[in-house]
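To start, the structure under review is shown below, and the notes come after it.
Values in this text are rule-based calculations from the coordinates and carry no lab data. No experiment lies behind these values; they were computed from the predicted model shown. Positions of Cβ are generated from backbone atoms using ideal geometry, with glycine treated the same way; all protein chains shown enter the neighbour counts.
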Amino acid sequence: MDKSPIRNIKGVKDILPDEMLRWEAIEGAARRLARVYGFAEIRVPIFEVTELFARTIGATTDIVEKEMYTFPDRDGKLLTLRPEATAGVVRAYVEHNLAASSPLQKFYYIGPMFRHERPQAGRLRQFHQFGVESFGIASPRADVEVMVLLWRFLSALRLPDLTMEVNSLGDAADRSAYKAVLLSFLTPRETQLCGNCRRRMTTNPLRILDCKVPECRAATKDAPALTDHLSPVSRRHFEDVLDGLRSLGVAYVLNSRLVRGLDYYTLTTFEVTSGRLGAQNAVGAGGRYDGLVEALGGPPTPAVGFAVGLERVSLMLPEAALPPRAPLVFVAGFGLEGAPVGRILLEELRMRGICSETDYRATSLKALLRQADRLGAAYVVIIGDDEAGKGEVLLRNMQTKEQEALRVSAVSGTLATRLQIR
Ligand code: HAM
């Protein structure tokens, strides 16, 4: 039998218990703030029919062309591991006719996404997002609400060196008029573009503005900005978003290159970047997608949302943002009479909601105390045969090293009070 070790898939990471404290802090802040801003949790499947993503994200995007994990189901139907969750949330919104009870619905989700990208720091093939989607409000106030939530979430976690970048892609008519302007600018410069961008000239010229290849950056340096070609209505929307951000104290910079890698956006797009992340500097991003519900067979419904890459948040999370570990009580029961009393006490403490541990291998007090030290216990409950005979324990405070005798029956109550466990 082959017993060689089996290794993880490239770009797919285990999250080990040591890192979990960071994830608890991140997910805790996400849930708390989402609720405070009125978003309810939704869980959509991690795989869907492939057509859902092709129709929403766009057939000529990098995600759909190159990055999806797609496979035939046993009956031959093509399925895809979700590369993002907006498409699935919109599908669920339409499928369950959620607009019927109220077209205004606000959802949040946390979960894994899958993209076959080249792995590097901050870029994985399975990664996690916290995202929100707000349906039913065309007003720029809804854009501001989600952008402010994104900003407050990242700020609550004290992430360093953040910038909110904002752009407007206009409506469909603005974009198609701008495409002509952009193409007439790019055509004489076509030979300076990378192969990918030359192809984009016919498929998706706006994406050329977002290309990271230095030659393409140089060639598009003086490209006309879409925001200079907005209709009066789109311009008003954009300015109201910027006004809203200013009035709530969220600083931003305009970035006319922010076209995003997904085709469903209309009007506002935004991205929060950090100077501490290297090449993959986008922490979270989103925008308005007013046509998507209708494109999936629902009623015309304006919508806006964002998603944050949680691995990137974890990479930047300062120690100071981590919650303190719950204090641990270690029960050191030993000897023929002490050990069984210790086991009962351990269970009593746990039933009170006190984090408690022992070491079933250790038989001597010395070995037990060594393990208590290793685990960083706040208190040790010592109970040998002598103590058991008197119906007592010794309670040792590991920080002050003070020790006191307590009745066995008083241990869990005393510790619950000291550790403020209700
Ligand atoms: P996105 O820009 O594709 O947007 O992804 C959002 C965030 O997910 C990125 O800013 C990044 O932090 C993280 N991310 C993306 N790809 C990877 C990767 N391969 N490894 C690690 N992190 C990654 C969306 O997904 C849209 N659904 C956002 C949205 C929601 N727009 C409207 N509503």
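If I take every Cα pair under 8 Å that is 6 or more residues apart in the stretch 347-398, average their sequence separation and divide by the length, what percent do I get for the relative contact order? Walk me through the numbers on the way to the answer.
Working: 34 pairs, mean separation 12.7, N = 52.
Relative CO of the stretch 347-398 lands at 24 percent.
Based on alpha-carbon centroids, what's the gap between the stretch 280-331 and the stretch 95-157 in Å, whole number please?
6 Å
Working from Cα positions, state the angle (0 to 90°, nearest 10) between the long axis of helix 172-186 and the longest principal axis of the chain.
So the inclination is approximately 70 degrees.
Write down Rg/Rh for the chain, rounded to two decimals, with Rg from the C-alpha atoms and Rh from the Kirkwood relation over Cα pairs. Each step should come with its number before you reach the end.
Values: Rg = 28.0 Å, Rh = 25.1 Å.
With Rh from the inverse mean 1/r over Cα pairs, Rg/Rh is 1.12.
Within the set 106/221; 13/179; 366/390; 66/106, which residue pairs have Cα atoms separated by over 29 Å? Mind dumping the intermediate values first?
On the way: 106/221 38 Å; 13/179 40 Å; 366/390 21 Å; 66/106 31 Å.
From the list (106/221; 13/179; 366/390; 66/106), the Cα-Cα distance tops 29 Å for 106/221; 13/179; 66/106.
Rank these for me by crowding, 13, 390, going from fewest to most other beta carbons within 10 Å. Present the calculation step by step, with values, prior to reporting the outcome.
Working: 13 15, 390 10.
Fewest-to-most Cβ neighbours within 10 Å comes out as 390, 13.
Taking Rh as the Kirkwood radius, which is the inverse of the mean 1/r over Cα pairs, what is the Rg/Rh value for the stretch 300-377? Working shown, then result.
Values: Rg = 21.3 Å, Rh = 16.0 Å.
When Rh is taken as the Kirkwood radius, the ratio is 1.33.
What relative contact order, as a whole-number percentage, does the stretch 1-79 give when Cα pairs under 8 Å and 6 or more residues apart are counted? Mind showing how you got there, number by number?
Working: 22 pairs, mean separation 15.0, N = 79.
Relative contact order, the stretch 1-79: 19 percent.
With a cut-off of 8 Å between alpha carbons and a minimum separation of six or more residues, what is the relative contact order of the chain in percent?
Numbers: 724 pairs, mean separation 65.3, N = 422.
Reported relative contact order: 15 percent.
Mind checking the angle between helix 140-156 and the chain's longest principal axis? C-alpha axes, 0 to 90 degrees, to the nearest 10.
Value to nearest ten degrees: 40.
Compare the Cα positions of 398, 225, 382 along the charge dipole of the chain (+1 at Cβ of Lys, Arg; -1 at Cβ of Asp, Glu; about the Cα centre) and return the one farthest towards the positive end.
Of the listed residues, the answer is 225.
Test of understanding: ordering 274, 139 by Cβ neighbours within 10 Å, fewest first, what list do you get?
On the way: 274 22, 139 14.
Lowest count first: 139, 274.
What is the stretch 329-418 by shape, rounded, prolate or oblate, if you read a ≥ b ≥ c off the alpha carbon gyration tensor as root eigenvalues and call it rounded for a/c under 1.5, prolate for a/b larger than b/c, and oblate otherwise?
Values: a/c = 1.26, a/b = 1.04, b/c = 1.22.
Since a/c stays below 1.5, the shape of the stretch 329-418 is classed as rounded.
Per DSSP helix of 4 or more residues, -39500 (n - 2.57); summed, then divided by the residues of the chain. What does that give at 222 nm, rounded to the nearest 500?
That calculation yields -10500 deg cm²/dmol at 222 nm.
With each pseudo-label sitting 7 Å past Cα toward Cβ, what's the residue 104-residue 247 distance in nm, one decimal?
1.6 nm
For helix 17-36, what angle does its Cα long axis make with the longest principal axis of the chain, in degrees from 0 to 90 and rounded to 10?
Between the helix axis and the principal axis of the chain, the angle is about 60 degrees.
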